[in-house]
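Shown next, in structure tokens, is the structure this report addresses.
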Amino acid sequence: MSITVNEISSDAVQNKTTVLPWIWFANLPAKDCNKRLLLQRFPNMQTLYSTSREQFIAAGLINQNGLGAVLSDKYKENALRILQRCEKEGIVPISRDSDEYPYLLKNIPDAPYVLYRKGKPLSGRLFSVVGSRRATGYGIRMAETLSADLCDAGFTVVSGMARGIDTAAHSGALSANGDTVAVLASSVDICYPPENKSLADRIEKNGSLLSEYPPGTPPVSFHFPVRNRIISGLSEALLVVEAGDKSGSLITVQLALDQGRDVFAVPGNALSVTSRGCNRMIREGAGLVQEIQDI
């Protein structure tokens, strides 16, 4: 059964001309290259959303691979369902043309079309802290201490709420009564890992849960490296506390460098496998951090 505009609240109806077209566009089953083509051909998202079949044909796009989905009403109905669910669950969708959309993230080449937020709006200067899921006691202490110090210095700490260093970074920020942002590989209404539910609740109350995935999206393996571009893209700089030679944190490091961000690393025991990545980063030019003054 189709959802009509009359079945959602007045606030959601108001969003029909703003965020709804972006939700629709973000969830179209079209290749990114074809989505970029559409953005080039149409002056704004509202125009694209309301384009008729005849206008689409006149633009010479009807035969483009995968673009037939633009003409299917089922994707507009799906966007309405997403918007309705966001309203019911207190989730705020933020389109790329919104004033709330983070400026630094907006300027990376593959910025998400829509972000979904629970908690406080993002504000101020953001600094990412990431590291190994298999953190040592040393790594956890450093992540907690440096994250608390970053908050004391006026930054908001960004991480991915994964086990290990990410969890310690959020906890350290909260211990200093600072703001923290968790960028999730699931939607913001699904907590992963499940043992971090109480942490997620604290972050929602004192900071922000953020994702590019609409409500009801579970974490799957390929979401984790993809979301790392958001962790680095949101922030002025990136700090890696512990990372092995093949740590996923090193993916975030490369993304940060590609985005023109400063990269820092905490040195570790030369015999510890969880410090090999950080020690190599420092050898290759990352800023060495032992205390907040180094940043």
> How long is the gain from residue 138 to residue 36 if the chain were fully straight, where each residue apart is worth 0.36 nm and the alpha carbon distance is subtracted?
Replying inline: 32.2 nm
>> Amide H of residue 179 versus every other amide H placed in the peptide plane: which residues, excluding those fewer than 5 positions away on the same chain, fall under 5 Å?
In response: 157
> Which of 31/120; 31/74; 31/118; 31/197 have a Cα-Cα distance over 30 Å?
Replying inline: 31/120; 31/197
> Using a cut-off of 17 Å between alpha-carbon atoms, which lysines can reach residue 76, once sequence neighbours fewer than 8 places away in the same chain are excluded?
Replying inline: 16, 35
> Based on Cβ point charges of +1 for Lys and Arg and -1 for Asp and Glu, what charge dipole magnitude is obtained for the chain about its Cα centre, in debye rounded to the nearest 20?
Replying inline: 700 debye
> So what J values fall out for region 94-100 if you push phi through Karplus, 6.51 cos²θ - 1.76 cosθ + 1.60 with θ = phi - 60°, rounded to Hz, Gly and Pro as x?
Replying inline: 10, 7, 4, 8, 7, 5, 7
> Just how large is the dipole of region 248-295 about the Cα centre, in debye to the nearest 20, putting +1 at every Lys and Arg Cβ and -1 at every Asp and Glu Cβ?
Replying inline: 200 debye
> Out of 172, 146, 237, whose Cα points farthest toward the positive end of the dipole of the chain (charges: +1 Lys, Arg; -1 Asp, Glu; placed on Cβ)?
Replying inline: 237
>> For residue 262, what residues show an amide H to amide H distance below 5 Å, using hydrogens built from the backbone and excluding near sequence neighbours?
In response: 238
> In deg cm²/dmol and to the nearest 500, what is the mean residue ellipticity at 222 nm of the chain if only DSSP H runs of at least 4 residues count, each as -39500 (n - 2.57), divided by the residue total?
Replying inline: -12000 deg cm²/dmol
> Which whole-number value in Å² is the accessible area per residue of the chain, probe 1.4 Å?
Replying inline: 46 Å²
>> Under the rule of at least 5 residues apart or a separate chain, name every residue whose amide H is placed under 5 Å from the amide H of residue 42.
In response: none
> At a Förster radius of 22 Å, what calculated FRET efficiency corresponds to the Cβ-Cβ distance of residue 163 and residue 254, to the nearest 0.05?
Replying inline: 0.50
> Which whole-Hz ³J(HN,Hα) couplings does region 243-248 yield from phi under the Karplus relation 6.51 cos²θ - 1.76 cosθ + 1.60, θ = phi - 60°, glycine and proline marked x?
Replying inline: 7, x, 4, 10, 5, x
> Using a basic spin-label model with each label point 7 Å from the Cα along Cα→Cβ, how many nm lie between residue 202 and residue 74?
Replying inline: 4.4 nm
> Dividing the Cα radius of gyration by the Kirkwood radius, what Rg/Rh value follows for the chain?
Replying inline: 1.02
> Which percent, nearest 5, of DSSP beta bridges in the chain are antiparallel?
Replying inline: 30 percent
>> Computing the accessible area with a 1.4 Å probe over protein heavy atoms, can you report the carbon and sulfur percentage for the chain?
In response: 49 percent
>> If I require 18 Å or longer along the helix axis, counting alpha carbons, and a Kyte-Doolittle average no lower than 0.0, what helices from the chain are left? Use full DSSP H segments.
In response: 137-152
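The values are calculated or read from the model by the stated rules, or taken from the named source; none is laboratory data. This is a predicted model, so every value here is computed, not measured. Every residue, glycine among them, receives a Cβ derived from its backbone with ideal geometry; neighbour counts consider all protein chains shown. All accessible areas refer to the heavy atoms of the entire protein, side chains included, with ligands and DNA or RNA removed. Shrake-Rupley method; radii C 1.70, N 1.55, O 1.52, S 1.80 Å.
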